[in-house]
Amino acid sequence: MLKVLTSSCLQNRFHAVTTAYTPQVRRGTESNTPLLQVLGLLRNLNRRGPYLYRRFFCSDSTDGSEPNSEAASEAKQAEGGSQGGDSDSKTAAAIVPTVFRPEDCLTVLALPLPHRPLFPGIYMPIYVKDPKVLAALVESRKRQAPYAGAFLLRDEQGTDPNAVSASDTERNIYELKGKDLFSRLHEVGTLAQITSIQGDQVILIGHRRIRMTEVVSEEPLTVKVDHLKEQPYNKDDDVIKATSFEVLSTLRDVLKTSSLWKDQVQTYIQHIGDFNYARLADFGAAISGANKLQCQQVLEELDVHKRLQLTLEIVKKEMEISKIQESIAKAIEEKISGEQRRYLLNEQLKAIKKELGLETDDKTALSAKFRERLEPNKEKIPAHVMQVIEEELTKLRLLEASSSEFNVTRNYLDWLTALPWGSYSDENFDVLRAEKILDEDHYGLTDVKERILEFIAVGKLRGTSQGKIICLSGPPGVGKTSIGRSIARALNRKFYRFSVGGLSDVAEIKGHRRTYIGAMPGKMVQCLKSVGTANPLVLIDEIDKLGRGLAGDPASAMLELLDPEQNANFLDHYLDVPIDLSKVLFVCTANVVEMIPNPLLDRMEVISIAGYITDEKMHIARDYLEKSTRETCGIKSEQVEVTDAALLALIENYCREAGVRNLQKQIEKIYRKIALKLVRKDGEIEPQNTVVDEVKAESVHLSDEIKSKEETQAGAESAEGSNDDKPSENVTEAEALEAPVNQMQKCTDEDTNLQDIQETEEVAESEASKTIDKVVVDSPNLAHYVGKPVFHAERIYDQTPVGVVMGLAWTSMGGSTLYIETSLVEQGDGKGALNVTGQLGDVMKESAQIAHTVARIILQDKEPDNQFFANSKLHLHVPAGATPKDGPSAGCTMITALLSLAMKKPVKKDLAMTGEVTLTGKILPIGGVKEKAIAARRSDVKTIIFPSANRRDFDELAPNVKEGLDVHFVDDYKQIFDLAF
């Protein structure tokens, strides 16, 4: 009866404890993890009743070092009785081990552990997915035998344990049943007490080592086990003590660096009691990060000393890992904290400066900076602009510095306040100074210089200069861009150049809207900010090459910029306030004026630069190009001589185009080759004879004087003097040995003089060796420097044959001469026809048809009986068929060639002509008079025929261009007929 009551009483107490403290685990505030919930429960149990805890967990965790355990003492008390105390408690203590003692569990449920083994005294939560196993665990708790066996799962054969994911391992566990599971489990495991079951989560605490022997039941897997005890050991053994101390020391170091296991250690110490050697080994292996096989090895080891050694290896490795972890954490912390520290220090510095009044916040400083910019020109800023600036400054103060609108407003104010509102540079209206500057920079170009001087003169009379639009047109290399720079220097204006070649976006000229990301003002606003004055000289380069893209037509956008009536209120899309550009002097450059749109061309004043004739190129090459190239190459003027004949041959045979850019390249090529020649010859130069002879003569003269002095002194001081050279030398040597000190000093001085003379000779010879022969570039050796001639004489015929006439053409590279050739193909009644070749354009093909008709009319008038055109199939050809040719100025030349062929008369020698003819024989004006006159001079043509309407153009040419030309101006082709035949 007593036994039954005691058993039921203890059972009620056990249920009371579990029901009282299980809800606290759920409501626990320390942590939500199952492990720490259980630790909290155990901590509370320890506080409320250490007696219960001891009986519940640790009474049977015995080892070989402490054979007299609490359970043993209680068993003795149960057998022999007790002399004092409460009889009920003694009886209960005697009876409980018969039901709850772990050593009574000889058949246990086998639970597989996938990741780590369970050590005695350590808590471990596991998840049980198999409902049968879970039901068996619950049933065992109800039977007051809450124990199970926890065994580590072996890895599958042929698999890498580190490469298998956790999900794969758990899935393999759930699939294993019965004997398959038994074969995969390690034999040695741990007897574990089931402390709580919540859903599929089971929390275990290890008690003692067990070894499974055989299968009792396959589903769920139940096995027979043997209880293992540590081998007896001497706890006073020095080696064991030292090993345990080292384990403790290492664990202490690990816990200093890593706080990961501190709670586990505190809970273990509170609930398990003091460490003994076996527990210390188990605890060290349990909290380490070693792999499961190393931990299983510790679990299977029953020799306490060996177990301590294995644990020591594991915790030492853990210490190394902790050091690596600490270094990684330190490096990352330094990297992150550096930026944070810098930010905090900057913020503190700003706060300190603000308190001291040394610096204001960002918005106040920005506003102050913008107002400081405006201060010098505040009176000159237009009222509407000032109003916009004030509004934007007010908006800036209200905006947060982190907002995107703040940056837009700040950039807008930056541009508005940076522009030179009403700030003009002082212009220089000195015409003589301007003329001198223009002459320094450019040779010729009289008409361009005259126009610039007129502009300056008007500005001087008015007291102010109004902006104009000048367009310099001409072939490449004639100096259009450099003329613009010279004009700016002559006027004392700031110079700004931008090229619009290929420009296809209107926003480049008019600016972007401020709403776009990365919006920028147009080129003119950037120009004004860059130069800092409102009246610069702006060079718009390559205006004939404006593109047209999807973003509008830039040529149309240029109208507002260049129109004098509109640019006083030029509106940039970005600034959105009118800007006065009326004081800006615009200079445009173009190669072909016809490519410029008419509305844009109408606003410009075109100054044509025709190019340079040979005389002008000679002056430019000699006075400008050669001088600058020589300085660039580091060659002195006395080292090189380029003759006029060489320059003339270079211009005529290599650089026949209108500009001088190619001429400059050829001169640079010559001087580069000369520089290489000089450097190569530097080590092989022979001294010039004249210099060396003079030096040698001086040295001989000096040595003769010294020798005569020696002979005189020798004759005065020696009794056996002689006039011969060898005796005098002998006497001098004898006296030098026996002479007093002053005589020796004299000899030393004479030796020094001789040495000085020798050094002078050496210096003179070295200087003479440095003197080199002058390199002369002449027409015979010009090909050695620049290669074979590019151009040959355009004049194919000295005397043009029948049916051939020289015409004059204009190209974008300048003027040139070309021949119109006609030939009779076949003759027969009614076979009159004309075939045209030479890659001619539509205009020239039409000119050929007109010329054929007019020639028939004139031939019928002059020779009525001549039926040549009616019965002849003719071929008209313009040589250089690879070059496209088109233009309305070849009509009279074609008529003359056809008439020459029909009448079988050659034209007059040295004759060239140009002009368009109508069907009635009238001559129309042409363009490019200067270029064509230059081309005629180049081909040694003396007689030129121009239309009468071009007389004014010819009269404006420079005298050196007109010199030696016999020019005839005609209105009707009949005048040409009389001149040609």
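The values are calculated or read from the model by the stated rules, or taken from the named source; none is laboratory data. This one's a predicted model, so the numbers in the text were calculated from it and none came from an experiment. For neighbour counting, all protein chains shown are included, and Cβ atoms are generated from backbone atoms with ideal geometry for every residue, glycine included. Remember, those area values only see protein heavy atoms, side chains included, never the ligands or the DNA or RNA. Shrake-Rupley method; radii C 1.70, N 1.55, O 1.52, S 1.80 Å.
The table below gives the values:
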{"item": "Flag if F869 is touching a helix residue (DSSP H, G or I) at 6+ places or on another chain (Cβ under 6 Å) and open to solvent by 20 Å² or more (accessible area, probe 1.4 Å)", "result": "no"}
{"item": "Spans of helices (runs of 4 or more DSSP H) in region 913-981 with at least 2 residues in contact with a strand residue (DSSP E or B) (Cβ under 7 Å, 6 or more places away or on another chain)", "result": "929-938, 951-955, 973-980"}
{"item": "Checklist (1) in contact (Cβ under 8 Å) with a residue 24 or more places away in the chain; (2) open to solvent by 10 Å² or more (accessible area, probe 1.4 Å) applied to S486, failing item", "result": "(2)"}
{"item": "Residue within region 464-479 that is surrounded by 15 or more Cβ atoms within 10 Å (Cβ to Cβ), part of a helix (DSSP H, G or I) and modelled with pLDDT of 85 or more present", "result": "no"}
{"item": "Within region 291-342, considering residues that are farther than 18 Å from S244 by Cβ and of a type in the set (V, I, T), the one farthest from the chain's Cα centre (by Cα)", "result": "I321"}
{"item": "Residues that are without any contact (Cβ under 8 Å) to a residue 60 or more places away in the chain, of a type in the set (S, T, N, Q) and touching a strand residue (DSSP E or B) at 6+ places or on another chain (Cβ under 8 Å), drawn from region 173-228", "result": "T213"}
{"item": "Out of E400, E390, sole residue that is open to solvent by 50 Å² or more (accessible area, probe 1.4 Å), of a type in the set (D, E) and assigned to a helix (DSSP H, G or I)", "result": "E390"}
{"item": "Lone unmet requirement of (1) open to solvent by 40 Å² or more (accessible area, probe 1.4 Å); (2) in contact with a Lys or Arg (Cβ under 6 Å, 6 or more places away or on another chain); (3) aliphatic (A, V, I, L, M) for L461", "result": "(2)"}
{"item": "Condition met for L438 (over 22 Å from P536 (Cβ atoms), modelled with pLDDT of 85 or more and surrounded by 18 or more Cβ atoms within 10 Å (Cβ to Cβ))", "result": "no"}
{"item": "The lone exception for V775 - which of (1) among the β-branched types (V, I, T); (2) open to solvent by 60 Å² or more (accessible area, probe 1.4 Å); (3) more than 22 Å from E657 (Cβ to Cβ); (4) at pLDDT 80 or above it fails", "result": "(2)"}
{"item": "Residue ID - nearest to S183 (Cα to Cα), chosen from residues in region 121-161 that are assigned to a strand (DSSP E or B) and open to solvent by 40 Å² or more (accessible area, probe 1.4 Å)", "result": "Y127"}
{"item": "Scope region 206-237; condition open to solvent by 40 Å² or more (accessible area, probe 1.4 Å) and closer than 30 Å to G289 by Cβ; matching residues", "result": "R211, H227, K229, Q231, Y233, K235, D237"}
{"item": "When residues of region 635-653 are limited to those that are in contact with a Ser or Thr (Cβ under 8 Å, 6 or more places away or on another chain) and either open to solvent by less than 10 Å² (accessible area, probe 1.4 Å) or of a type outside the set (D, E) (or both), the one farthest from I613 (Cα to Cα)", "result": "T643"}
{"item": "Which listed residue is under 30 Å from the mean Cα position of the chain (by Cα), more than 18 Å from K583 (Cβ to Cβ) and open to solvent by less than 10 Å² (accessible area, probe 1.4 Å), from V525, V500", "result": "V500"}
{"item": "Which numbered condition G881 misses (of (1) surrounded by fewer than 17 Cβ atoms within 10 Å (Cβ to Cβ); (2) assigned to a helix (DSSP H, G or I); (3) modelled with pLDDT under 90)", "result": "(2)"}
{"item": "Tally, over region 503-522, of residues that are part of a helix (DSSP H, G or I) and open to solvent by 10 Å² or more (accessible area, probe 1.4 Å)", "result": "3"}
{"item": "Test: E375 is open to solvent by 100 Å² or more (accessible area, probe 1.4 Å) and either free of Cβ contacts under 8 Å to residues at least 12 places away in the same chain or in contact with a Lys or Arg (Cβ under 7 Å, 6 or more places away or on another chain) (or both)", "result": "yes"}
{"item": "Region 578-630 - residue that is assigned to a helix (DSSP H, G or I) and within 21 Å of M524 (Cα to Cα) and, of those, least open to solvent (accessible area, probe 1.4 Å)", "result": "L600"}
